[in-house]
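Asks: Once you've had a glance at the structure underneath, I'll fire off some questions.
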Amino acid sequence: MRFGNSISLPLTFANLAAGSGGAQLFTANGNHIAPRTGNYLCIGVGGGSGGEGGAGCPAVANWIGLPGCGGVAAQLTVSIVALNANDNNAVTIGLGGNGGAGGVGAAASGAGAAGGATTMGAVFSALGGTVGNSQLPLGSLATAPNRPFNGSHGHGYRGGRGGVGGIDANGSAGAVASGFGAGGGGGGGTITTVAAAINGGAGGNGSNGYLIVIPI
């Protein structure tokens, strides 16, 4: 592909933020005003979804509370859009979804919230990560489990790490995603060896998306 303007290579986020070759980088809501009539390469990612909360356990020995699954990475969309000079399109950057709450005792945990879509007017869209599920205590076993049930890591580049499961202690929270459009970490699950109620860890938040628009 040949670019119609001079763009500094390698094409880093710093160069995009500086407007190299007429390129524009959006990490927050704004407006794209086309500098000329022609085609534009649009690369965008929606917001990642939040991680699920881990389940807790009631005050019953030898129970398991399931860990939370990591949040889902957002859609990456690459498309070529034809625009006229001075076309003004509103840009909305998809926000990362919130992580689900950890389950309290025998109550269900919270599902991770879906991420938002990244859009540019009606000409471009990248969907956010999809919503997760709630988790519940799994039930009792004949003998006490001997290992923690950790939450799974969030999907996507630099998704949040899963929380550590608790044995006769509350599960820890999943980490917030740090890469664009990545899912948050799932909350840690729980295990009881004694009859004491414990809580699951909360899910981590997903991360926001971005949009790059390059004249070509």
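The values are calculated or read from the model by the stated rules, or taken from the named source; none is laboratory data. Because the structure is predicted, anything quoted here is derived from the model rather than measured. When we count neighbours, we look across all protein chains shown, and the Cβ atoms used for this are built from the backbone with ideal geometry, even at glycine.
Asks: Counting only residues that are of a type in the set (S, T, N, Q), within 20 Å of G186 (Cα to Cα) and modelled with pLDDT of 95 or more, how many does the stretch 76-132 have?
Replies: Qualifying residue count for the region: 2.
Asks: If only one of G183, G171 is modelled with pLDDT of 95 or more, closer than 30 Å to H32 by Cβ and out of contact with any Lys or Arg (no Cβ under 9 Å at 6 or more places or on another chain), which one is it?
Replies: On the way: G171 fails: closer than 30 Å to H32 by Cβ.
None of the others qualify; the one that does is G183.
Asks: Follow-up question, since we're still on this one. Looking only at residues in the stretch 58-70 that are under 17 Å from P148 (Cβ atoms) and assigned to a loop (DSSP other than H, G, I, E, B), which one is farthest from the chain's Cα centre (by Cα)?
Replies: Of everything passing the filter in the stretch 58-70, A61 is farthest from the chain's Cα centre (by Cα).
Asks: Right, something else. Look through G187, G171, G154, G162 and report the one residue that is under 16 Å from G128 (Cα atoms), in a loop (DSSP other than H, G, I, E, B), small (G, A, S) and in contact (Cβ under 8 Å) with a residue 60 or more places away in the chain.
Replies: That would be G154, the only listed residue that is under 16 Å from G128 (Cα atoms), in a loop (DSSP other than H, G, I, E, B), small (G, A, S) and in contact (Cβ under 8 Å) with a residue 60 or more places away in the chain.
Asks: Can you pull out the residues in the stretch 49-86 that are closer than 22 Å to G179 by Cβ, in contact with a strand residue (DSSP E or B) (Cβ under 6 Å, 6 or more places away or on another chain) and buried (at least 24 other Cβ atoms within 10 Å of the Cβ)?
Replies: Within the stretch 49-86, A74 is the sole residue that qualifies.
Asks: Moving on to the next point. Here are some residues: A126, A117, A142, A113. Which one is in contact (Cβ under 8 Å) with a residue 12 or more places away in the chain and either over 24 Å from A177 (Cβ atoms) or surrounded by fewer than 16 Cβ atoms within 10 Å (Cβ to Cβ) (or both)? Give the derivation first.
Replies: On the way: A126 fails: either over 24 Å from A177 (Cβ atoms) or surrounded by fewer than 16 Cβ atoms within 10 Å (Cβ to Cβ) (or both); A117 fails: either over 24 Å from A177 (Cβ atoms) or surrounded by fewer than 16 Cβ atoms within 10 Å (Cβ to Cβ) (or both); A113 fails: either over 24 Å from A177 (Cβ atoms) or surrounded by fewer than 16 Cβ atoms within 10 Å (Cβ to Cβ) (or both).
Every option except A142 fails the conditions.
Asks: Name the single residue, out of those in the stretch 76-124 being polar (S, T, N, Q) and assigned to a loop (DSSP other than H, G, I, E, B), that is farthest from T27 (Cα to Cα).
Replies: The qualifying residue farthest from T27 (Cα to Cα) is S109.
Asks: Which one of these does G139 not meet: (1) modelled with pLDDT under 95; (2) in a loop (DSSP other than H, G, I, E, B); (3) at positive phi?
Replies: So the condition that G139 fails would be (2).
Asks: Separate question: Please give the number of the condition P137 fails out of (1) buried (at least 24 other Cβ atoms within 10 Å of the Cβ); (2) under 21 Å from the mean Cα position of the chain (by Cα).
Replies: Of everything listed in (1) buried (at least 24 other Cβ atoms within 10 Å of the Cβ); (2) under 21 Å from the mean Cα position of the chain (by Cα), P137 misses just condition (2).
Asks: Under 9 Å by Cβ, and 6 or more places apart or on different chains, what pairs join a residue from the stretch 59-81 that is at positive phi with one that is part of a strand (DSSP E or B) and polar (S, T, N, Q)?
Replies: N62/S140
Asks: Still on this structure, I have one more. When you go through (1) farther than 23 Å from G151 by Cα; (2) modelled with pLDDT of 95 or more; (3) part of a loop (DSSP other than H, G, I, E, B) one by one for A55, which number turns out not to apply?
Replies: Condition not satisfied by A55: (1).
Asks: Can we say A73 is modelled with pLDDT under 95, assigned to a loop (DSSP other than H, G, I, E, B) and more than 14 Å from G187 (Cα to Cα)?
Replies: Considered against the rule, which asks whether it is modelled with pLDDT under 95, assigned to a loop (DSSP other than H, G, I, E, B) and more than 14 Å from G187 (Cα to Cα), A73 comes out as no.
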